[in-house]
Amino acid sequence: MDARMNLIASPLSGAFMKHINSAGKALTGSTLPPATQELVKLRASQINGCGFCTDMHSKDAAAGESATRLNLVAAWRETTVFTEAERAALELTEQGTRIADAAGGVTDEAWEEAARHYDEAQLAALVGLIALINAYNRVNVIVRQPAGDYQPGMFG
């Protein structure tokens, strides 16, 4: 399977990808724990059906995560392997990813629970990360970016 277009080769999409990659670097350097960042990216990618991003973030997270935790991200509510802070981040991720499915958007309860565990800078990183991974997911789903060949570190 080949992608519908090469996102890097096209001058316009290449410039666009460069800018969203820069946004990603700003978020990666935040104080939001790296493990939480990977869980958020993996969960949003699963919800959006983005095979490329699910492949990437499950492999990137594998460096610091147990197979049990990675395998249970999609069923996090029924598990005991995630911290309360991670659970709050995953809830915010799900609600922020599924905003079209919920008339009220993100609930006050989900926001308040996340705010109990994360400071303002971390919340800003979490919100930005949820928005960013959803953008990546949509780009990759639209162009049918194939999954399976990602190797950690291959993009820098």
Give me the Kirkwood hydrodynamic radius of the stretch 1-57, using the inverse of the mean 1/r over all pairs of distinct Cα atoms, in Å to one decimal. 12.9 Å
Three semi-axes of the equivalent ellipsoid, the chain, Cα gyration tensor, whole Å, largest first: 25, 17, 15
First select every other residue whose beta carbon is under 12 angstrom from the beta carbon of Asn134; then total the charges, Lys and Arg +1, Asp and Glu -1. +3
To make sure I understand, if each residue's beta carbon is the centre and we count other beta carbons within 10 Å, what order do Lys59, Lys25, Lys41 fall in, fewest to most? Lys25, Lys59, Lys41
Length-normalised contact order of the stretch 13-156 in % [C-alpha pairs under 8 Å, at least 6 apart]: 38 percent
Using 0.36 nm per residue of separation minus the Cα-Cα distance, give me the extension gain between Ala35 and Arg138 in nm, one decimal. 34.8 nm
Excluding residues fewer than 8 positions from Lys59 in its own chain, the lysines with Cα under 20 Å of it are Lys25, Lys41
Which FRET efficiency value, to the nearest 0.05, is calculated for Met1 and Ile99 with the Förster distance at 22 angstrom and r the Cβ-Cβ distance? 0.15
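All of the numbers you see were taken from the coordinates with simple rules; none came from a lab. Note that the coordinates shown come from a computational prediction; the quantities given were computed from them, not determined experimentally. A quick note on method: Cβ atoms are made from the backbone with ideal geometry, for glycine too, and the neighbour counts reach across all protein chains shown.
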